[in-house]
Amino acid sequence: MIRRPGPGERIRVLYVVGNFVAGGAERHLLELWRRLDPGRFEVQIACFRREGQFLPEVEALGLPLLELGVGRRIYDPSGVRGFVRLLRRARSFRPHVIHGYLFGPNLFAALAGRLAGVPVVVVAKRNVDAFETPRQVAMQRLAHRLATHVTAVSAAVADTVVALGVPRSRITVIENGVDAARFGGAAADRSGLGLNGRPVIGSVGCLAARKDYATLLMALDELKRRGIAFQAMLVGDGPERAALEARSRALGLEPLVRFMGERPDVERLLPAMDVFVLSSREEGIPNALLEAMAAGRPAVVTDVGGNREVLTDGDTGWIVPAASPLPLADALETALTDPDEARRRGERARRVTLERRSIDAMARRHEDYYRDILGAGSAG
């Protein structure tokens, strides 16, 4: 039976996360923690490593924050020690809900939650992942099957949870929200960013294989061949950065493509972009796309994950096939050479985002979700 909160008792939620780098999941959590009603929810956080660009903002919330000390590989001795720390915290805090986010934390949350007798064990699936090794597939299948509930950011992502062997009755779609007010201010000074006055194609995201920036570079090379004037601004960092910079140099794009690294002022950089682009091979519902739409940016994105659940081709942006440089180049060329149409789609995107994707609605949806699953009982 579910150990429900007593009269006047706050719902205790223990979140398990990796770190606080400037990523979509991390931004989502930061905004969620800011908005959960402290009169109804008591929140604690366990993180693998106390690091990342968002760490000062997380610390400023004043929530109890436990560093587990897990290294880069969850299967080594640091992972064992970190898991023991998490299990001890779960037994002392006695949460009603434990909620894991992303690969390693999902596994830790599912195992610790079950061992500690946490009534509701939730893991979050935020992407249409293509796990790289049989062990990764097995570990995620285990985590999702152990969980009593799974949150997914889109219907497309929910389908991948079913493919892991989870009954659909355990899965709830809670779509990402965006704080549109953050993106209504002035744009950053382009000259101060080292931009050359040409129209700006911009992207925000981790420089990782799943984002497929290699295809974007090929599309930019095609635009250069066609004589289309542009400057590209890639905001973010990641394991593929060195290889992408080398590829950019090999294509002769170095004067046209700026790798900006991680930046704390994305809300100022997005309005400085004439066109936003995502060339991903995998997505859930990308926060970066929601933020670009909130900033009124016309967007060109690939037809993966939940992108079609957010953006409408021909109305709020352009959708192109994944891993296809020429269609991507065609859409970018259209957006750059027909600024009136691009502006129309960007303005429509902002209106839709304001109406349907507010960050406050997302937070209230989580609050209702926690109350509902505690009231309805466990699926497992």
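The values are calculated or read from the model by the stated rules, or taken from the named source; none is laboratory data. Computed from a prediction, not measured in an experiment: that's the story for all the values here. Ideal geometry is used to build each Cβ from the backbone, glycine not excepted, and the neighbour counts take in all protein chains shown. Accessible surface is based on the protein model in full, side chains and every heavy atom, while ligands, DNA and RNA are left aside. Shrake-Rupley method; radii C 1.70, N 1.55, O 1.52, S 1.80 Å.
If you filter the stretch 147-162 down to residues that are without any contact (Cβ under 8 Å) to a residue 60 or more places away in the chain and closer than 30 Å to residue 88 by Cβ, you find that the one that is surrounded by the fewest Cβ atoms within 10 Å (Cβ to Cβ) is 161.
Of the conditions (1) open to solvent by 30 Å² or more (accessible area, probe 1.4 Å); (2) over 30 Å from residue 173 (Cβ atoms); (3) among the acidic types (Asp, Glu), residue 267 satisfies every one except a single condition; which number is it? Evaluating residue 267 over (1) open to solvent by 30 Å² or more (accessible area, probe 1.4 Å); (2) over 30 Å from residue 173 (Cβ atoms); (3) among the acidic types (Asp, Glu) leaves (2) as the failure. Scanning the stretch 344-359 for residues that are without any contact (Cβ under 8 Å) to a residue 60 or more places away in the chain and surrounded by 15 or more Cβ atoms within 10 Å (Cβ to Cβ), we see that the one that is nearest to residue 282 (Cα to Cα) is 349. Within the stretch 125-138, track down each residue that is crowded, with 20+ Cβ neighbours inside 10 Å and at pLDDT 90 or above. Scanning the stretch 125-138 gives 125, 126. When residues in the stretch 246-290 are screened for being assigned to a helix (DSSP H, G or I) and not charged (D, E, K, R), 12 of them pass. Answer yes or no as to whether residue 336 is in contact with a strand residue (DSSP E or B) (Cβ under 8 Å, 6 or more places away or on another chain) and surrounded by fewer than 22 Cβ atoms within 10 Å (Cβ to Cβ). Taking the combined requirement at face value, the residue satisfies it. Residues in the stretch 296-307 that are open to solvent by 10 Å² or more (accessible area, probe 1.4 Å) and either without any contact (Cβ under 8 Å) to a residue 12 or more places away in the chain or not basic (Lys, Arg) (or both): 4 in all. Residues of the stretch 268-280 that are closer than 23 Å to residue 326 by Cα and either of a type in the set (Phe, Trp, Tyr) or at pLDDT below 95 (or both): 276 alone. Applying the criterion of being farther than 13 Å from residue 211 by Cβ and touching a Lys or Arg at 6+ places or on another chain (Cβ under 6 Å) to the residues of the stretch 226-267, the residue that is modelled with the lowest pLDDT is 267.
Cβ separations smaller than 9 Å between residues 6+ apart or across chains give no pair from the stretch 28-55 residues that are free of Cβ contacts under 8 Å to residues at least 24 places away in the same chain and within 17 Å of residue 99 (Cα to Cα) to residues that are open to solvent by 40 Å² or more (accessible area, probe 1.4 Å) and aliphatic (A, V, I, L, M). For the stretch 85-105, the set of residues classified as modelled with pLDDT of 95 or more, within 17 Å of residue 143 (Cα to Cα) and surrounded by fewer than 21 Cβ atoms within 10 Å (Cβ to Cβ) consists of 87 only. Consider only pairs whose beta carbons are under 8 Å apart and that are at least six residues apart or on different chains; among these, list those whose first residue lies in the stretch 197-216 and is more than 17 Å from residue 287 (Cβ to Cβ) and open to solvent by less than 20 Å² (accessible area, probe 1.4 Å) and whose second residue is polar (S, T, N, Q) and not in a strand (DSSP E or B). Short answer, once both residue conditions are applied: 212/279; 212/280; 213/279; 215/279; 215/324; 216/279.
Number of residues in the stretch 225-249 that are surrounded by fewer than 18 Cβ atoms within 10 Å (Cβ to Cβ) and either in contact with a Ser or Thr (Cβ under 6 Å, 6 or more places away or on another chain) or not small (Gly, Ala, Ser) (or both) equals 8.
Please determine whether any residue of the stretch 272-289 is of a type outside the set (Lys, Arg), more than 19 Å from the chain's Cα centre (by Cα) and crowded, with 24+ Cβ neighbours inside 10 Å. Yes, there is a match, as at least one residue in the stretch 272-289 is of a type outside the set (Lys, Arg), more than 19 Å from the chain's Cα centre (by Cα) and crowded, with 24+ Cβ neighbours inside 10 Å. Is at least one residue of the stretch 145-159 touching an Asp or Glu at 6+ places or on another chain (Cβ under 9 Å), assigned to a loop (DSSP other than H, G, I, E, B) and at pLDDT below 95? Yes. Residues in the stretch 235-266 that are touching a helix residue (DSSP H, G or I) at 6+ places or on another chain (Cβ under 7 Å), over 16 Å from residue 191 (Cα atoms) and in contact (Cβ under 8 Å) with a residue 24 or more places away in the chain: 235, 240, 244, 247, 248, 251, 253, 263, 266.
Residues are listed down the side, and each one gets a yes or a no for (1) at pLDDT 95 or above; (2) in a helix (DSSP H, G or I); (3) small (Gly, Ala, Ser); (4) surrounded by fewer than 24 Cβ atoms within 10 Å (Cβ to Cβ):
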position: 292; (1), (2), (3), (4): yes, yes, yes, no
position: 322; (1), (2), (3), (4): yes, no, yes, yes
position: 326; (1), (2), (3), (4): yes, yes, no, yes
position: 340; (1), (2), (3), (4): yes, yes, no, yes
position: 361; (1), (2), (3), (4): no, yes, yes, yes
position: 365; (1), (2), (3), (4): yes, yes, no, yes
position: 374; (1), (2), (3), (4): no, yes, no, yes
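Across the stretch 1-41, the qualifying residues are those that are open to solvent by 60 Å² or more (accessible area, probe 1.4 Å) and at pLDDT 90 or above, and the one among them that is nearest to residue 111 (Cα to Cα) is 10. Is it the case that some residue within the stretch 113-124 is of a type in the set (Val, Ile, Thr) and modelled with pLDDT under 90? No - not one qualifying residue is present in the stretch 113-124.
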